[in-house]
Amino acid sequence: MEEIRRYELFLVFQPELDEDGQEGLIERIDSTLTSNGGEIIEIVRRGKRRLQYAIEGHNAGIDVIYQSSLPTSLLALLERQFNLNEDIIRYLIVRRDDLQRDERLVASAEEVEAEVAELVAETSEIEEAADAAARGEVYESDDSADDETMDSEGEES
């Protein structure tokens, strides 16, 4: 199975590119990413910005940032496309290992949610037992795994 990693793609488009041209270029990039096994997490369009130094004679550029999960084999294809496209004056692809930790946090959060659900179930069972005791009834749990008995002072016998 091919390794998928999280990447941030920073693209600078030519400042003369109109809205339709930007949308068309973004759609082509989206299509390349998704049709080759990538997943787009977020696209941030920062708009036209002044550059710190001229790139290919341009003092401004249109910034677009992608957060995505990509197969590592897709990187060479992306670089080739970015280099051949005259509307992209600069690009940078950065592997974001720190974003990998987010997935582990999600898994951890799911484990915590499962534990909370288990504790809520136990709490409701205890509340049912307390209500039954208040009414003078004997509460029988659905769990029959605990065969040990307790005497009146709470000691196991």
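Laboratory data are not the source of any read-out in this text; all were calculated from the coordinates shown. Remember, it's a predicted structure, so these values are computed and weren't measured experimentally. So basically every Cβ, Gly included, is an ideal-geometry build from the backbone, and we count neighbours across all protein chains shown.
Observations on the model:
- Some residue of region 66-84 being acidic (Asp, Glu) and in contact (Cβ under 8 Å) with a residue 24 or more places away in the chain: no
- Number of residues in region 28-40 that are touching a residue at least 12 places away in the same chain (Cβ under 8 Å) and either part of a strand (DSSP E or B) or small (Gly, Ala, Ser) (or both): the value is 4.
- If you check Ile88, Ile43 for being among the β-branched types (Val, Ile, Thr) and touching a residue at least 60 places away in the same chain (Cβ under 8 Å), only one passes: Ile88.
- Residue tally, condition within 16 Å of Leu75 (Cα to Cα) and touching a strand residue (DSSP E or B) at 6+ places or on another chain (Cβ under 8 Å), over region 24-60: 9
- In region 124-135, the residues that are surrounded by 11 or more Cβ atoms within 10 Å (Cβ to Cβ) form Cβ pairs under 6 Å with partners that are outside any helix (DSSP H, G or I), at six or more places apart or across chains, as follows: Ala129/Tyr139; Ala132/Tyr139.
- Residue that is surrounded by the fewest Cβ atoms within 10 Å (Cβ to Cβ) [pool: residues in region 61-87 that are touching a strand residue (DSSP E or B) at 6+ places or on another chain (Cβ under 6 Å) and within 22 Å of Asp18 (Cα to Cα)]: Ile65
- For region 1-23, the set of residues classified as surrounded by fewer than 13 Cβ atoms within 10 Å (Cβ to Cβ) and either of a type in the set (A, V, I, L, M, F, W, C) or within 24 Å of Ala76 (Cβ to Cβ) (or both) consists of Met1, Glu2, Glu3, listed by residue number.
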